[in-house]
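K.L.:
Can you keep this structure in mind? I'll have questions shortly.
The values are calculated or read from the model by the stated rules, or taken from the named source; none is laboratory data. Just so you know, these numbers come straight off a predicted model, no measurement behind them. So basically every Cβ, Gly included, is an ideal-geometry build from the backbone, and we count neighbours across all protein chains shown.
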Amino acid sequence: MNIKVCGINSFKQLQQLDGLNVDFAGLIFVKDSPRYVDGKIEKNLVKDADLDLKKVGVFVNPELIDVLDAVDNYKLDVVQLHGNETPEMCDDLSSEVEVIKAFSIDDNITDIDAMIAAYDGVCDYYLFDNKVNGSAGATGKKFDWSKIAAAKIEKPFFLSGGIGPEDAKMVKAFKHPDFFGVDLNSLFEKEPGVKDMGLLLKFIHGLK
């Protein structure tokens, strides 16, 4: 089970996540997000850090040049696209970094495989999140995971949206051959961008 913790706003917490053997850490590059990373963490510290975890830059409908600049400035390992980005943009970026294409799920989504089909050959992972009032992440609410369980998908994917410290048992019970990991965010926070390492450790132990 891979663990991705999203919305990190301090270099110290990046180091702490690495010490907990978290696999991916998300840095938010969305200006109107309370977890927006620019100006919060010194770029060179992140760029030069000797970390085992993968650094993920999270974007919503960005310009390609802005993503490439962030990849260079922070030495990102992965880019997560959480808006209406085209398969062409995913393809362009996939030659530089790994790409996670995120999809927001609501009651109107009935065919997961049709929704993701155009992205099959141009990204490395999918991420499925809950769609609430047009929000593009950190909703703190779950969607109906049975929609994912019934889909073929055939690419490693993360489950996101409303996963909290008490949900380890539910995560362990979810079955799909391509289920790769969980994305954790707002329910593990003391405040936006500040994670509670005790809650994360509790969840990690609960997965064992």
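K.L.:
Please determine whether any residue of segment 97-113 is in a loop (DSSP other than H, G, I, E, B) and either under 24 Å from residue 5 (Cβ atoms) or in contact with a helix residue (DSSP H, G or I) (Cβ under 6 Å, 6 or more places away or on another chain) (or both).
P.N.:
Looking for residues that are in a loop (DSSP other than H, G, I, E, B) and either under 24 Å from residue 5 (Cβ atoms) or in contact with a helix residue (DSSP H, G or I) (Cβ under 6 Å, 6 or more places away or on another chain) (or both), one finds at least one in segment 97-113, hence yes.
To keep it simple, each residue is scored yes or no on (1) modelled with pLDDT of 95 or more; (2) under 25 Å from residue 48 (Cβ atoms); (3) not basic (Lys, Arg).
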| residue | (1), (2), (3) |
| --- | --- |
| 75 | yes, yes, no |
| 83 | yes, no, yes |
| 86 | yes, no, yes |
| 89 | yes, no, yes |
| 100 | yes, yes, yes |
| 106 | no, no, yes |
| 115 | yes, no, yes |
| 125 | yes, no, yes |
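K.L.:
Only residues in segment 107-132 that are buried (at least 19 other Cβ atoms within 10 Å of the Cβ) count as the first member; pair them with residues that are of a type in the set (S, T, N, Q) and part of a strand (DSSP E or B), Cβ under 6 angstrom, at least 6 apart or cross-chain, and list the lot.
P.N.:
Here the result reads 129/104; 131/104, each pair linking segment 107-132 to a residue that is of a type in the set (S, T, N, Q) and part of a strand (DSSP E or B).
K.L.:
What do you reckon, is residue 104 farther than 19 Å from residue 159 by Cβ and either of a type in the set (Gly, Ala, Ser) or touching a residue at least 40 places away in the same chain (Cβ under 8 Å) (or both)?
P.N.:
No, not satisfied.
K.L.:
Another question, if that's okay. Which one of these is touching a helix residue (DSSP H, G or I) at 6+ places or on another chain (Cβ under 7 Å), of a type in the set (D, E, K, R) and at negative phi: 147, 131, 202?
P.N.:
That would be 147, the only listed residue that is touching a helix residue (DSSP H, G or I) at 6+ places or on another chain (Cβ under 7 Å), of a type in the set (D, E, K, R) and at negative phi.
K.L.:
Applying the selection to segment 15-27, what residues are of a type outside the set (D, E, K, R), more than 14 Å from residue 77 (Cα to Cα) and under 17 Å from the mean Cα position of the chain (by Cα)?
P.N.:
17, 21, 22, listed by residue number.
K.L.:
Please specify each residue of segment 20-46 satisfying the condition of being out of contact with any Leu (no Cβ under 6 Å at 6 or more places or on another chain), of a type in the set (Gly, Ala, Ser) and in contact (Cβ under 8 Å) with a residue 24 or more places away in the chain.
P.N.:
Residues satisfying the conditions are 26, 33.
K.L.:
Now, a different point. With a cut-off of at least 1 residues that are among the hydrophobic types (A, V, I, L, M, F, W, C) and farther than 25 Å from residue 99 by Cα, name the strands (runs of 3 or more DSSP E) lying wholly within segment 114-208.
P.N.:
none
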